[in-house]
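Taken together, the values in this text are just the output of simple stated rules run on the coordinates, not laboratory data. Note that this is a predicted model, so its numbers are computed, not measured. Using ideal geometry, Cβ is built from the backbone for each residue, glycine included, and neighbour counts are taken over all protein chains shown.
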Amino acid sequence: MAERQSNWAGNVTFRADRFHRPSSLEELSTVVAGSEQVRALGTGHSFNRIADTTGDLVSVAGLPPEIDVDAERASVTVAAGVRYGELAVRLQEQGYALHNLGSLPHLSVAGACATGTHGSGISNGSLASKVSALELVTADGETVAVNRETYGESFAGAVVSLGSLGIITRLTLDIEPSFEVRQYVYEDLPRAALEEHFTDVVSSAYSVSLFTDWRSTRINQVWLKQRLDERSAFVPTARWLGASLADGPRHPLPGMSPVNCTQQLGVPGPWHERLPHFRLGFTPSAGEELQSEYLLPRRDAVEAWELLDGIADRIASALQISEIRTIAAEDLWLSPSYGRDTVAFHFTWVKDFAAVGPVLPLIEERLEPLGARPHWGKLFSTAPEAVRGLYDRMPDFQRLRRDLDPTGKFGNEFTARYVNPTRS
């Protein structure tokens, strides 16, 4: 029996008896063809059992780390196991950029896209929204190419796939010319000002993040990331809507050293050194936290805030910090931002599920009338039938799964619960 693998946070120990790290496409194809049940494992930054299996667990991090820029098509083809931070450095060296990055640049491209991971910005789709093609190894070990032009409408179902269509080996992403960003942090924004001016606040920069501990009537911090090549009506001042411009670098968690955070104080820098909250050179620790996130229509952000304020004490009792971001609507069938401009309420909890678990249904009960979709890779307790009902294209995705994986080789208990209740 192979040594058991765990996720980054250590709250999930995978049950697979066999762990594979193939170094070639041929080796991967052999593993897949010979397995009865197989799942891909990315960088392990999911907090639930979405990647778990009792069959074979496969990491594609050992495949050749391809990064191939096509200037004519304004795209980059990248190996699935490459991390966003590594990709970003290579793109910057050649004068290109991605439209956005997540809070951490340490996530694998395939894993982040397959679960609908995102950054922030009212005009920015999720990371998966820029996928134009992908290749995956299907149940018989064959490699299948899927792209926008030839796959038709079904392409929108193949990108955020939860790893249940095959093992993704390569993705092609849209890119753009490199740009510079400057970042400011404001502190103690009055909640009343946020509620009155929510749209103005979240549209004041290319990417905006709000941090709160749910312990007061003020927002702890507002992180504003401005593109230098875009006109902006926002001009940084010492005071803004009752908030104060930070006089030094800040960490999202009060009292934590900002040494590993990206440059602030309005100092211009390349996109990949400002859009994440944390520096690429910073290696995340063992993950002394748990995470949840709920995504709902952006128009309902203030109402959601008011609903959650009614249980603020319960949230605060198990919380490290909460982050609120926005994502533009997109057409990817299982994206939590499908079909609607979105606001995301993210919770970084203490690493104690006994404390966190009872709070999740309280949040979900409050947000249920607003159609809140839980992030696929984080902790939630929403009933499986309710989750399926949140996605209009779920029946189409189920049919796509039957076409690409008729025996359910790439399924697991998670997909059986939340995607196809009659199969793994």
With the Cα gyration tensor of the chain giving a ≥ b ≥ c as the square roots of its eigenvalues, does the rule (a/c under 1.5 for rounded; else a/b larger than b/c for prolate; else oblate) give rounded, prolate or oblate?
prolate
With N denoting the number of residues in region 100-178, provide Rg(C-alpha) divided by 2.2 N^0.38 Å, to two decimal places.
1.11
GNM of the chain, Cα pairs under 10 angstrom: of Gly248, Gly62, Gly111, the biggest fluctuation goes to Gly248
Using every Cα-Cα pair within region 68-145, state what percent have a distance larger than 16 Å.
53 percent
I need the P(r) histogram for region 331-424: all alpha carbon pairs, bin width 10 Å from 0 out to the longest distance, whole percents.
14, 43, 32, 11, 0
Quote to one decimal, in nm, the extra length available between Leu228 and Glu180 on full extension: 0.36 nm per residue of separation minus the C-alpha distance between them.
16.7 nm
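How much FRET efficiency would the formula 1/(1 + (r/R0)^6) give for Asp396 and Glu36, where r is the Cβ-Cβ distance and R0 is 35 Å, rounded to 0.05? Mind showing how you got there, number by number?
Numbers: r = 27 Å, r/R0 = 0.76.
Using R0 = 35 Å, I get an efficiency of 0.85.
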Hey, quick one: spin label on Lys351, modelled 7 Å out along Cα-Cβ, who in region 14-28 has an amide N within reach, i.e. under 18 Å?
14
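So if the hydrodynamic radius of region 26-117 is defined as the Kirkwood radius over C-alpha pairs, what does Stokes-Einstein give as its diffusion coefficient at 37 °C and 0.692 mPa s, in µm² per second?
Translational D for this selection: 226 µm²/s.
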Simple spin-label model, 7 Å along Cα-to-Cβ: Ser257 to Ala383 in nm?
4.9 nm
Taking the Cα-to-Cβ direction at Val302 and at Arg239 and moving 7 Å from each Cα, how far apart do the two end points lie in nm?
2.3 nm
What FRET efficiency comes out for His197 versus Ala74 if R0 is 45 angstrom and r is the Cβ-Cβ distance? Round to the nearest 0.05.
0.80
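Which shape class, rounded, prolate or oblate, goes with region 180-283 when its Cα gyration tensor gives a ≥ b ≥ c as root eigenvalues, a/c under 1.5 marks rounded, and past that a/b bigger than b/c marks prolate?
Values: a/c = 1.95, a/b = 1.18, b/c = 1.65.
Oblate, since a/c reaches 1.5 and b/c is not below a/b.
Mind pulling up the Rg/Rh value for region 383-424? Radius of gyration and Kirkwood radius, both on Cα. Mind dumping the intermediate values first?
Numbers: Rg = 9.7 Å, Rh = 10.3 Å.
Reported Rg/Rh, Kirkwood definition of Rh: 0.95.
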13 Å beta-carbon shell around Leu370, net charge (K/R +1, D/E -1)
-1
